[in-house]
1. What are the ³J(HN,Hα) values, in whole Hz, obtained from phi via the Karplus relation 6.51 cos²θ - 1.76 cosθ + 1.60 with θ = phi - 60°, for each residue of region 75-87 in sequence order, with x given for Gly and Pro?
2. Over region 89-204, how many percent of alpha carbon pairs lie in each 10 Å bin up to the one with the longest distance?
3. Where the centre of each part is set by its Cα atoms, how far does region 120-152 sit from region 15-78, in angstrom?
4. Points 7 angstrom from Cα along the Cβ direction at His176 and Lys128: gap in nanometres?
5. Is region 76-128 best put as rounded, prolate or oblate by its Cα gyration tensor, with a ≥ b ≥ c the root eigenvalues, rounded for a/c under 1.5, and otherwise prolate when a/b is larger than b/c, oblate when not?
6. Rounding to the nearest 20 debye, state how big the charge dipole of the chain is about its Cα centre with +1 on each Lys and Arg Cβ and -1 on each Asp and Glu Cβ.
7. R0 = 22 Å: FRET efficiency of Ile84 with Arg53, Cβ-based, nearest 0.05?
8. Specify, per residue and in Å³, the volume enclosed by the convex hull of the alpha carbon atoms belonging to the chain.
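Read-outs: derived from the displayed coordinates by stated rules, not from any lab. Note that this is a predicted model, so its numbers are computed, not measured. Glycine gets a Cβ as well: all are built from the backbone with ideal geometry, and neighbour counts include every protein chain shown.
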Amino acid sequence: MAMPPQLARANRRHCRHSEPRPTVELMPAICITDLRDAIPRNYGTNIYSSPFRYPQIRHLRLSYRSIEIVDHHDRSQVFGIQWIPTYFGKHRAIFVCSTCCCAAIRLFGRYGNYACRFCQGAQYLSQKQNTATRKRLAAAKLRLKLGGWPDIREPLPRKAKWKHEKRYQRLRNQVHALEAQAKQTRFRKEIDIRTFGYHVADSN
Ligand SMILES: [Zn+2]
């Protein structure tokens, strides 16, 4: 059957049958900043079994120039590690994505294969949303920064003793401004709580 003219005219960006692009915040990731201190600075290998931060991985083998990721199915993937000058003394380690050979801070897993965010075709949650949802998400992340709960219905936390008054006020005003705009929209869905996993882990 010929394609109906409405469908032919439709400006589809993606094939309807292709999988949606994965979301960065929801993918298992290995971050070089977690591992910098674990990388041996000379010849030798450090092996980590069932690393606490990475339940999806059985072993991590770290050497000065490479990292081997072995998952629970004994599949192994090796990535290069480069040391880049920072102009403040020590060189800083960074992963090299095996697919595109570009530098990457994080490697993301999809069906057990690790690669950089671009090779995985992953998008940040904020890239997938319209303006109102993006504002709600930004407000939720700021709420976490202030030490509170991300939900708009929760009261904003009081200023922690060790925080600067001005900084606290600024963040609070930003949350109010973003939420005032987001409140004009009726959202059908809650924000997926897993989205904040990285932000919470990051602030510790
Ligand atoms: Zn890549």
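1. Values per residue, Gly and Pro as x: 7, 10, 9, 10, 10, x, 10, 10, 10, 9, x, 10, 6 Hz.
2. For region 89-204, the pair-distance distribution reads 12, 33, 28, 22, 6, 0.
3. 26 Å
4. For His176 paired with Lys128, the spin-label model returns 3.3 nm.
5. oblate
6. Its charge dipole is roughly 1000 debye.
7. 0.45
8. Hull volume over Cα atoms, normalised by residue count, gives 205 Å³.
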